[in-house]
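Undergrad: Have a look at this one before I ask anything.
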Amino acid sequence: MAKIEKISEIHPTLGFTEFDILEKYRKSFNESELGRLHSVFPFEVMAKAMGLSENHLGRRNIFSPSAKIAIIVLKAYTGFSDRHPVEHLNGNLHYRMFCGIMTDPSFPITNYKIVSAVRNEMASRLDIESLQEILATHWKSYLENLHVCMTDATCYESHMRFPTDMKLLWESLEWLYRHICLHCRALGIRRPRNKYGDVAKAYLSYCKKRKRKASRTRMLKRRMIRLLEKLLIQMDEIHRDYGAALRYAQDYRKRLSIIRKVLVQEKEIFEGRKVSDRIVSIDRHYIRPIVRGKETKSVEFGAKVNNIQTDGISFIEHISFKAFNEGIRLKNCIRMQQKLMKVRVTCVAGDSIYANNANRKFCTKYGISTSFVRKGRAPKDEPLRKVLRSELSKERATRLEGSFGTQKQHYSLSRIKARNRKTEILWIFFGIHTANAVLMIEKIRNKTAKAA
């Protein structure tokens, strides 16, 4: 185990008298953007809200509760893989100060899976609502125009291959056949006969074709569906006869049930029927196709998130891996902003999908100005309302939609490489709020300069 101590514990014992090198490093850290980013986050309050605590039994944790959050923020900020932050912690003093730990050069951290372990622990404890309230309370004194609510939805795509029926069927066949072979080898029984080898050759030949006829695709799909059905029957027979002698991995049963659903769905699709709640990946069974209707990308695969924004700072209002209509969530957006900022919302900006009659009536009832195109007869103050609508629309189109691009390009949210639903939500949460924190650095600096 790496010999690691907190900086606060070893600092009083360091024997620097004439040249206090560590103090100079600390000063340079506080003046760097990394140090200012650290000062923006209330790490200790967030760790307490998540229920992270020091373990007093067993081995001592390398990271303190605050350091666990810091390492995830650092990963989102740098865009590194899980391996690189650990390498930098061994050699970069500013990174160590950011996480509040000090490593002995003779005993560097060698467990590169520690970042993944921290992410899994935090993902199981993540409560988006409570953490966003903490961040809003910490930041709102530096924000302006708290009465203006801007809202829009986007999709944070998952890192996965583009799904097709053929790929999904082949992945299911491959997994089933591999496990049937493993079971037969472990039990010392004869492997059941099937047409897996023939279908594998046909699928390889199919993949090599540049142009694929619809008749050839349909013929091969029929063979794959029949083989998948047979393999499931053979697997059930092995379970029935030798189930007590087999050992299963943690996700074995879940993967098998997902493949059964894939078979049912693919049969219905092959027969020309529509399928709801369609599975597109056996690894990430929770992901659903989200039709966005964009020119370059008609369908996206990932988490759809409805965000609200106040003075350039974004908060998650709703997140789901299934498609939803964000237009009906405007009331929730307004209530959420009023809860976070403790200020009554008087202006709302949203695109045309939010401009339904229910939202218009709600905004009229509570005296909320909107960026929606006017319906009906123009009032006396129409020129002023037109100017306000134009400003709100322009601000939403530039700041809110621009923030989506910034988050995806610079904070690891373009293709999320998390492996399960909880860690993917955690990845999105810290990506969005790390982007917010970088904006808060400039806002805090400006506010401090004005106060001085």
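The values are calculated or read from the model by the stated rules, or taken from the named source; none is laboratory data. Being a predicted model, the structure only gives us computed values, none of them experimental. Quick reminder, even Gly has a Cβ in these numbers, built from the backbone with ideal geometry, and neighbours come from all protein chains shown. Heads up: the accessible areas ignore ligands, DNA and RNA and are worked out on the full protein's heavy atoms, side chains in. Shrake-Rupley method; radii C 1.70, N 1.55, O 1.52, S 1.80 Å.
Undergrad: Name the single residue, out of those in the stretch 297-316 being charged (D, E, K, R) and open to solvent by less than 30 Å² (accessible area, probe 1.4 Å), that is nearest to T434 (Cα to Cα).
TA: Out of the qualifying residues, it is D311.
Undergrad: Restricting attention to the stretch 252-271, does a residue exist that is in a helix (DSSP H, G or I), acidic (D, E) and open to solvent by less than 30 Å² (accessible area, probe 1.4 Å)?
TA: yes
Undergrad: K294 - would you say it is in a helix (DSSP H, G or I) and open to solvent by 10 Å² or more (accessible area, probe 1.4 Å)?
TA: no
Undergrad: Can you go through L413, L426 and tell me which one is at pLDDT 95 or above, open to solvent by less than 40 Å² (accessible area, probe 1.4 Å) and not small (G, A, S)?
TA: L426
Undergrad: Further, regarding this structure: Looking only at the stretch 201-251, count how many residues are of a type in the set (K, R), surrounded by 14 or more Cβ atoms within 10 Å (Cβ to Cβ) and within 36 Å of the chain's Cα centre (by Cα).
TA: 1
Undergrad: When only residues in the stretch 185-200 that are of a type in the set (A, V, I, L, M, F, W, C) and modelled with pLDDT of 95 or more count, which is most open to solvent (accessible area, probe 1.4 Å)?
TA: Among those residues, the one meeting the criterion is A200.
Undergrad: Next question, about the same structure. Hey, could you check the stretch 361-397 for residues that are of a type in the set (D, E, K, R) and open to solvent by less than 50 Å² (accessible area, probe 1.4 Å) and say which is farthest from G327 (Cα to Cα)?
TA: Residue satisfying both the conditions and the ranking: E382.
Undergrad: Right, here's the next one. Filter the stretch 272-288 down to the residues that are open to solvent by 50 Å² or more (accessible area, probe 1.4 Å) and in contact (Cβ under 8 Å) with a residue 60 or more places away in the chain and list them by number.
TA: D283, the sole residue that qualifies.
Undergrad: Which members of the stretch 69-81 meet the condition of being buried (at least 16 other Cβ atoms within 10 Å of the Cβ) and either free of Cβ contacts under 8 Å to residues at least 24 places away in the same chain or farther than 18 Å from L126 by Cβ (or both)?
TA: The answer is Y77, T78, F80.
Undergrad: Mind checking which residues of the stretch 113-132 are open to solvent by less than 70 Å² (accessible area, probe 1.4 Å) and either farther than 26 Å from H84 by Cβ or of a type in the set (F, W, Y) (or both)?
TA: I128, S130, Q132, listed by residue number.
Undergrad: I'd like to check something: does the stretch 391-406 contain any residue that is more than 18 Å from the chain's Cα centre (by Cα) and hydroxyl-bearing (S, T, Y)?
TA: There is at least one residue in the stretch 391-406 that is more than 18 Å from the chain's Cα centre (by Cα) and hydroxyl-bearing (S, T, Y).
Undergrad: Next question. How many of the residues in the stretch 92-108 are in a loop (DSSP other than H, G, I, E, B) and closer than 14 Å to I71 by Cα?
TA: 2
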